[in-house]
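Read through the structure below, which is laid out as structure tokens, and then see the notes.
The values are calculated or read from the model by the stated rules, or taken from the named source; none is laboratory data. Owing to the predicted nature of the structure, the values given are computational and were not obtained by experimental measurement. Methodologically, a virtual Cβ is constructed for each residue, glycine included, from the backbone with ideal geometry; neighbour enumeration extends over all protein chains shown. Quick note on the areas: whole protein, heavy atoms, side chains included, nothing else; ligands and nucleic acids left out. Shrake-Rupley method; radii C 1.70, N 1.55, O 1.52, S 1.80 Å.
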Amino acid sequence: MNVDAVVEARARGKRVRLDKPELLAPAGNLEKLKFAVHYGADAVYIGGQKYGLRSNADNFSIEEMREGVEFAAKYGAKVFVATNIFAHNEDIEGLEAYLRDIAGAGVAAIIVADPLIIETCKRVAPGIEIHLSTQQSTVNWLAVKYWKEEGIDRVVLGREASMEEIDEIKRNVEVEIETFVHGAMCSSWSGRCVLSNHFTDRDSNRGGCSQSCRWKYDLFATDQPLADSPLASGLPLFAQEDDSFTMGSKDLYMIEHIPAMIESGVDSFKIEGRMKSIHYVATVVNAYRQAIDAYFDNPEEFKLKQQWLEEIYKAANRPLNTGFFFDVPGREDHIYEPEDKAIGYDFTGLVLGYDEATGMATIQQRNHFKKGQDVEFFGPNGTYFKQMIETIWDEEGNELDAARHPLQVIKIHTNQPVSEFDMMRKKVGK
């Protein structure tokens with residue numbers, strides 16, 4: 001976007017920014033990190049093997065962090081490490097050594113909620129930026145100002161912050177602001193939940209959340225305290241044929257509101273999902289990357305492409321909404337009964353190479369596919385087309401009826417050129 005265009009837009013009262021916001025992607029393991037970067041992430045956030053809130057993710061050893069940082073740096077991307085537990089006494093031992101280790105691995109920032117970890121990092125690893133986690137539930141400008149004065153470089157706002165509140169924060173405090181724009185929402189306030197603790201003895205705020213809110217429940221009514229009356233002895237509030245009750249929230253998505261998000265001044269757009277698949281990470285990052293870049297190419301003529309929305313829905317596994325950005329969510333924004341599922345897609349193959357002379361692609365199998373199936377190709381360089389698989393060959397040139405074996409390398413003809421790191425997918429059940 002050139003200076004003349006900015007001046008003209010501002011003369012018409014339009015708020016314009018020259019700097020692109022950071023697109024921040026989740027990476028549950030080293031492979032996902034590489035896909036996130038290839039598909040357009042400016043930065044990725046990962047978990048180490050300690051002090052993070054996703055203890056069931058693969059998570060990174062210090063050696064893997066170093067490899068991830070080196071890979072990301074080749075593409076001008078950064079790596080952040082989540083250290084956002086609320087620490088108990090037994091978590092203190094080893095913290096200093098861990099922070100020194102991740103600093104030595106070259107990570108750019110830690111994402112942190114506990115003042116203990118904040119102060120320890122400032123003392124033993126002063127070269128690392130400190131980003132305040134959404135777990136701190138920061139949603140007003142005076143709280144943001146407080147954390148800035150405490151030495152915080154960036155504040156990740158609580159998911160409950162509205163667009164109006166974000167605008168006020170940016171007007172009053174000069175500090176980087178990060179907000180979630182896509183992914184799962186917690187039913188509790190900014191993740192401050194103990195259902196998992198009570199039901200499974202897994203601490204929600206130390207990386208063990210079992211997502212109890214998404215379980216299925218039967219409902220009973222009782223006029224006695226639960227301590228005195230077994231729940232099952234109450235009056236059932238359901239019929240035998242009824243669906244079980246759940247209480248999960250719908251997932252957040254803001255791709256339809258990219259101009260408003262950019263013009264709000266938010267510095268980093270965060271995608272949730274360190275536990276999600278490679279297909280999810282690549283698809284969602286790619287869609288947001290294209291939308292952000294399209295806006296900056298021509299803000300005045302920006303139009304949302306239907307293809308971006310379709311891509312988002314191909315990766316979705318729950319209904320979507322805009323969270324707290326424009327209004328307080330109501331009953332319709334939660335999932336209280338089984339919902340219509342989006343049509344799922346399987347990541348079936350990764351393009352390893354392409355021969356322009358023969359139109360032959362070399363593909364690493366990731367899920368079973370066979371001759372006669374319809375597939376889609378998509379990639380970070382604008383690749384997008386559909387075709388039917390006509391013939392499959394193995395590496396020795398033998399014809400196959402299907403690619404059955406995990407990571408099997410095969411060859412097929414593609415209707416259009418493809419590139420390394422492009423992906424092939426098919427509808428689930430097709």
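Observations, loosely collected:
- Which numbered condition Gly382 misses (of (1) touching a helix residue (DSSP H, G or I) at 6+ places or on another chain (Cβ under 9 Å); (2) surrounded by 15 or more Cβ atoms within 10 Å (Cβ to Cβ)): (2)
- Here the stretch 103-136 is the region considered, the condition is being open to solvent by 40 Å² or more (accessible area, probe 1.4 Å) and in a loop (DSSP other than H, G, I, E, B), and the residue that is nearest to Tyr45 (Cα to Cα) is Gly106.
- Scanning the stretch 68-105 for residues that are touching a strand residue (DSSP E or B) at 6+ places or on another chain (Cβ under 7 Å) and of a type in the set (Lys, Arg) yields a count of 1.
- The residue that is farthest from Leu304 (Cα to Cα), counting only those in the stretch 241-256 that are at pLDDT 85 or above and open to solvent by less than 20 Å² (accessible area, probe 1.4 Å), is Asp251.
- Qualifying residue in the stretch 319-330 (condition: in a loop (DSSP other than H, G, I, E, B), crowded, with 21+ Cβ neighbours inside 10 Å and within 17 Å of the chain's Cα centre (by Cα)): yes
- Residue in the stretch 400-411 that is closer than 30 Å to Asp218 by Cα and either open to solvent by 50 Å² or more (accessible area, probe 1.4 Å) or of a type outside the set (Asp, Glu) (or both) present: no
- Failed condition for Glu93, given (1) outside any loop (DSSP other than H, G, I, E, B); (2) over 28 Å from His182 (Cβ atoms); (3) at pLDDT below 95: (1)
- Residue within the stretch 283-301 that is over 24 Å from Ala260 (Cβ atoms), under 21 Å from the mean Cα position of the chain (by Cα) and not β-branched (Val, Ile, Thr) present: no
- Considering residues of the stretch 412-430 that are open to solvent by 70 Å² or more (accessible area, probe 1.4 Å) and either closer than 21 Å to Tyr354 by Cβ or not in a strand (DSSP E or B) (or both) only, the residue modelled with the lowest pLDDT: Lys430
- Number of the condition not met by Asp153 [criteria: (1) under 18 Å from Phe326 (Cβ atoms); (2) out of contact with any helix residue (DSSP H, G or I) (no Cβ under 8 Å at 6 or more places or on another chain); (3) surrounded by fewer than 19 Cβ atoms within 10 Å (Cβ to Cβ)]: (1)
- Residue within the stretch 269-279 that is closer than 29 Å to Lys32 by Cα, modelled with pLDDT of 90 or more, of a type in the set (Asp, Glu) and over 16 Å from the mean Cα position of the chain (by Cα) present: no
- Among the residues examined, Ser196 qualifies as surrounded by 18 or more Cβ atoms within 10 Å (Cβ to Cβ) and over 13 Å from Ser264 (Cα atoms).
- Some residue of the stretch 50-70 being open to solvent by 30 Å² or more (accessible area, probe 1.4 Å), among the acidic types (Asp, Glu) and modelled with pLDDT under 95: yes
- Checking each residue in the stretch 158-178 for being in contact with a helix residue (DSSP H, G or I) (Cβ under 7 Å, 6 or more places away or on another chain), outside any helix (DSSP H, G or I) and closer than 26 Å to Lys122 by Cβ picks out Gly158, Val173, Val175, Ile177.
- Of the criteria (1) open to solvent by less than 10 Å² (accessible area, probe 1.4 Å); (2) in contact with a helix residue (DSSP H, G or I) (Cβ under 9 Å, 6 or more places away or on another chain); (3) of a type outside the set (Asp, Glu), which one Trp147 fails: (1)
The rows are residues; the columns are (1) modelled with pLDDT of 85 or more; (2) farther than 29 Å from Ala82 by Cβ; (3) surrounded by fewer than 16 Cβ atoms within 10 Å (Cβ to Cβ).
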| residue | (1), (2), (3) |
| --- | --- |
| Glu168 | yes, no, yes |
| Ala184 | yes, no, no |
| Ser190 | no, no, no |
| Leu237 | no, yes, yes |
| Ile258 | yes, no, no |
| Ile262 | yes, no, no |
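- If the condition is being open to solvent by 10 Å² or more (accessible area, probe 1.4 Å), over 25 Å from Arg192 (Cβ atoms) and not charged (D, E, K, R), then the stretch 80-102 contributes Gly94, Ala97.
- Residues within the stretch 237-260 that are within 28 Å of the chain's Cα centre (by Cα), more than 21 Å from Asn286 (Cβ to Cβ) and assigned to a loop (DSSP other than H, G, I, E, B), tallied: 3
- The stretch 291-310 - residue that is crowded, with 16+ Cβ neighbours inside 10 Å and in contact with a Pro (Cβ under 9 Å, 6 or more places away or on another chain) and, of those, nearest to Lys32 (Cα to Cα): Ile292
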